[in-house]
Number of protein chains: 2
Amino acid sequence: MIRDFSHVTISCSDLERSIRFYEGIGLEVERRIGELDSDGVAKAFALPRGHLTVAHLRPCGSPGPMTIDLVQWLDPAPEGEAYASLANLGLTRLAFRVEDIDRTTADLRGAGVTFLSDEVQEFGRGVRSAAFKDPDGAVIQLIEGLAEMKDEQPGK
Amino acid sequence: MIRDFSHVTISCSDLERSIRFYEGIGLEVERRIGELDSDGVAKAFALPRGHLTVAHLRPCGSPGPMTIDLVQWLDPAPEGEAYASLANLGLTRLAFRVEDIDRTTADLRGAGVTFLSDEVQEFGRGVRSAAFKDPDGAVIQLIEGLAEMKDEQPGK
């Protein structure tokens with residue numbers, strides 16, 4: 001039985017660069033797993049080999065256990081590019097809850113983050129959002145007001 | 001400031017089919033946001049239009065607020081395919097914590113889920129894993145023992 005979320009994996013081309021990026025937006029390293037070269041990993045993920053280096057990160061103060069599983073593949077080498085469009089099928093965005101999105105986006109712009117839109121956008125019903133890309137093109141979203149949103153159609 | 005995880009977005013081609021799939025693996029609908037057609041969504045995500053239908057799901061009993069943001073794009077239409085390889089750059093896997101992976105995988109195989117490997121795989125240090133694809137090819141991972149794993153290099 002599924003108990004809870006564990007992690008979302010972001011595959012990167014340079015683990016140390018990506019760690020610096022995520023630390024810069026307010027996450028911290030929870031655990032450095034370091035280098036693995038495992039037949040089990042290869043088989044579980046249907047890859048020719050399972051050689052990778054890994055760190056787990058989460059927002060400072062997050063109660064856990066949810067983390068980002070930041071992975072740099074060593075063999076096979078990282079391939080392809082992140083989805084060009086958010087309308088692509090598959091896992092397309094990772095969103096973080098913020099309490100003051102105006103201040104957070106101003107801070108991140110000051111730190112050099114480029115957002116997909118110049119302004120924070122209104123989604124309606126008190127929800128506001130802004131998104132940007134990580135160094136390998138994975139889309140990170142900031143969202144304010146979602147947890148407090150009134151359900152129009154709660155459950156089914 | 002980033003407070004915590006909010007959601008991970010999975011873009012699907014048929015929302016009702018995907019809801020049934022995720023309910024079948026042990027998630028529940030927390031909130032049906034329904035159809036949105038929002039300039040704010042379009043701008044936030046750098047898309048020509050922001051017309052989509054959405055449901056939020058989470059594992060039964062999860063304390064939240066982390067959810068899957070299950071999205072079917074209506075305009076623009078869903079495009080592309082999910083990454084063919086887990087070594088692709090970008091968001092590649094969503095993992096759930098399970099307490100008895102042998103039983104969970106047996107139950108899911110019985111319910112028709114096809115895993116990427118025939119057996120549960122050992123990752124070392126007590127961590128065991130198995131992965132499968134959702135109806136649109138997003139990779140879902142089950143993991144046992146990760147939260148209890150001893151850190152070899154905690155923090156930095």
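The values are calculated or read from the model by the stated rules, or taken from the named source; none is laboratory data. As the structure is a prediction and not an experimental result, all values here were calculated from the model. With ideal geometry, Cβ positions are generated from the backbone for all residues, glycine too; neighbour counts draw on all protein chains shown. Surface accessibility is based on the protein's heavy atoms, side chains included, excluding ligands, DNA and RNA. Shrake-Rupley method; radii C 1.70, N 1.55, O 1.52, S 1.80 Å.
When chain A is treated as a GNM, springs tying every alpha-carbon pair under 10 Å, which of A:Phe45, A:Phe21, A:Phe132 comes out with the largest mean-square fluctuation? Result for chain A, Cα springs under 10 Å: A:Phe45 fluctuates most. Using only Cα atoms and rounding to the nearest 10 degrees, what angle (0 to 90) does helix A:101-110 make with the longest principal axis of chain A? Tilt of helix A:101-110: around 50 degrees.
Binning all Cα-Cα separations of region A:57-156 at 10 Å, short to long from zero, yields these whole-percent fractions: 12, 38, 37, 12, 2. Using Cβ point charges alone (K and R +1, D and E -1), the dipole size of the protein assembly as shown about the Cα centre works out to roughly 260 debye. Taking all Cα pairs closer than 8 Å and separated by 6 or more residues, the relative contact order of chain A comes to 21 percent. Quick one: check the C-alpha center-to-center distance for region B:99-114 versus region A:6-78, whole angstrom. Region B:99-114 and region A:6-78 have Cα centres separated by 25 Å. Note that the protein assembly as shown shows a convex hull volume over its alpha carbon atoms of 115 Å³ per residue. Only helices enter this figure: runs of n ≥ 4 DSSP H residues, each worth -39500 (n - 2.57), summed and divided by the residues of chain A, yield -4500 deg cm²/dmol at 222 nm to the nearest 500.
What's the angle, to the nearest 10 degrees (0 to 90), between helix B:15-24's Cα axis and the longest principal axis of chain B? Helix B:15-24 and the main axis of chain B meet at about 20 degrees. Chain A and chain B together bury an accessible surface of about 8100 square angstrom, both sides counted, with a 1.4 Å probe and no ligands or nucleic acids included. Within the listed set B:Thr105, B:Thr114, B:Thr67, the Gaussian network model of chain B (springs between alpha-carbon atoms below 10 Å) gives the highest mean-square fluctuation for B:Thr114. FRET efficiency for the pair A:Glu23 and B:Glu81, taken as 1/(1 + (r/R0)^6) with r the Cβ-Cβ distance and R0 = 25 Å, rounds to 0.15. Between A:Ile140, B:Leu94, A:Gly26, the Cα set farthest toward the positive side of the dipole of the protein assembly as shown (charges on each charged residue's Cβ, about the Cα centre) is that of A:Gly26. Taking a ≥ b ≥ c as the square roots of the eigenvalues of the Cα gyration tensor, region A:32-92 is classed as oblate, since a/c reaches at least 1.5 and a/b does not exceed b/c. Placing +1 on the Cβ of every Lys and Arg and -1 on the Cβ of every Asp and Glu, with no other charges, gives chain A a dipole of roughly 340 debye about its Cα centre. Derived scalar couplings between HN and Hα for region A:134-148 equal 7, x, 10, x, 5, 8, 10, 10, 9, 9, 10, x, 5, 5, 8 Hz in order, rounded to whole Hz, by the Karplus curve 6.51 cos²θ - 1.76 cosθ + 1.60 (θ = phi - 60°), x for Gly and Pro. Using a Gaussian network model of chain B with C-alpha springs under 10 Å, which one of B:Ile33, B:Ile68, B:Ile143 is most mobile by mean-square fluctuation? Ranking B:Ile33, B:Ile68, B:Ile143 by mean-square fluctuation puts B:Ile33 first.
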